[in-house]
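Notes for the one structure printed next.
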Amino acid sequence: MASKEGKYNIKAISKMLGIQAGTLRAWERRYHIIEPVRNPAGHRLYSDEHVAILKWLIEKVNKGFTIGQAVDLFDKSNVLVESQEQTHHEDYSLKLSDDLLSALLSFQENKANQLLNQAFSLFSIDKVTIDILGTLLVKVGRMWENNEITVAHEHFVTSYLRTKIGTVFHGFPVDGFKPNVVAVCGPNETHELGLLIFTLFLRRKGYEVVYLGAGIPEEDLEVVVKEVDPKMFFTSCTMVTNLQATLKVVDHLKKKFPQLIIGAGGSAFDQFEDEKNFTYEKILVGRTRQDWEKWLKNNL
């Protein structure tokens with residue numbers, strides 16, 4: 001049986017479970033699902049039992065439940081099979097992504113901030129950045145490619161997301177035992193948010209990432225790699241017209257730095273011909289967090 005003795009402070013719990021301290025406080029205040037022990041100084045201390053409960057709740061939230069729904073399930077000891085979960089609950093994260101996109105396309109920044117704050121109060125950082133913002137990013141990209149939104153709309157949404165993701169990015173601690181990483185968009189690429197979300201995933205895991213973004217001259221990359229001496233290099237390409245130039249950079253770096261582990265992603269790689277796909281398949285990191293985890297496991 002899990003111990004009820006308070007032993008973890010809120011900082012330790014936040015790091016252990018990958019959830020913001022503010023989210024934990026909001027859950028406690030709103031749903032009274034757990035009651036941490038208080039030490040003489042009045043600080044929260046969480047027990048192993050609390051950790052087990054929070055892990056269960058986070059698992060449900062990451063599957064798409066709202067925290068309120070997860071608490072109801074816990075209170076009622078209502079264990080549902082996977083098919084029932086998919087049938088009877090609404091994926092609130094998708095709705096939140098749609099609402100956020102609607103606010104941004106209407107240039108309602110204050111409303112977008114409120115929705116994003118709500119997301120961070122209900123879901124883990126990974127869920128918000130990768131699932132909610134990542135989903136929104138894909139939608140915006142498709143809408144722009146299909147001429148469903150103007151350049152002004154695309155720039156506004158991109159600027160907003162870059163700022164918000166960048167704030168989270170720089171807030172993550174770096175694990176000194178993890179290898180260095182350099183990340184840069186392919187030549188002539190202007191869509192950088194996909195790469196930024198991927199590097200956010202790496203930072204979340206403790207990697208030190210030198211994120212260069214878009215607009216870096218090809219001749220500068222060799223200089224950066226020599227100076228940083230990274231173990232991994234990641235690039236992205238969303239426009240098919242830039243794919244050949246991106247592959248040229250990959251080939252050059254592989255030849256110049258044979259020990260460098262190279263990964264690549266972006267919608268342009270979906271257009272690979274079978275022969276070329278086979279040639280470059282080892283560098284393709286995939287689209288989902290599960291793909292990224294698998295790629296890292298296979299290449300490190």
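Brief remarks follow.
- Helices (runs of 4 or more DSSP H) (entirely within the stretch 185-278) containing at least 1 residues that are surrounded by 13 or more Cβ atoms within 10 Å (Cβ to Cβ) and at pLDDT below 90: 193-204, 218-228
- Being over 19 Å from Ser14 (Cβ atoms), surrounded by fewer than 17 Cβ atoms within 10 Å (Cβ to Cβ) and either of a type outside the set (Lys, Arg) or touching a residue at least 12 places away in the same chain (Cβ under 8 Å) (or both) is a property that Thr150 has.
- Screening the candidates Phe169, Phe107 for the property of being touching a helix residue (DSSP H, G or I) at 6+ places or on another chain (Cβ under 8 Å), surrounded by 14 or more Cβ atoms within 10 Å (Cβ to Cβ) and in contact (Cβ under 8 Å) with a residue 40 or more places away in the chain yields one hit, Phe169.
The values are calculated or read from the model by the stated rules, or taken from the named source; none is laboratory data. Predicted, not measured: the structure shown is a model, and the values here were computed from it. In this analysis, Cβ positions are derived from the backbone assuming ideal geometry, glycine residues included, and neighbour counts consider all displayed protein chains.
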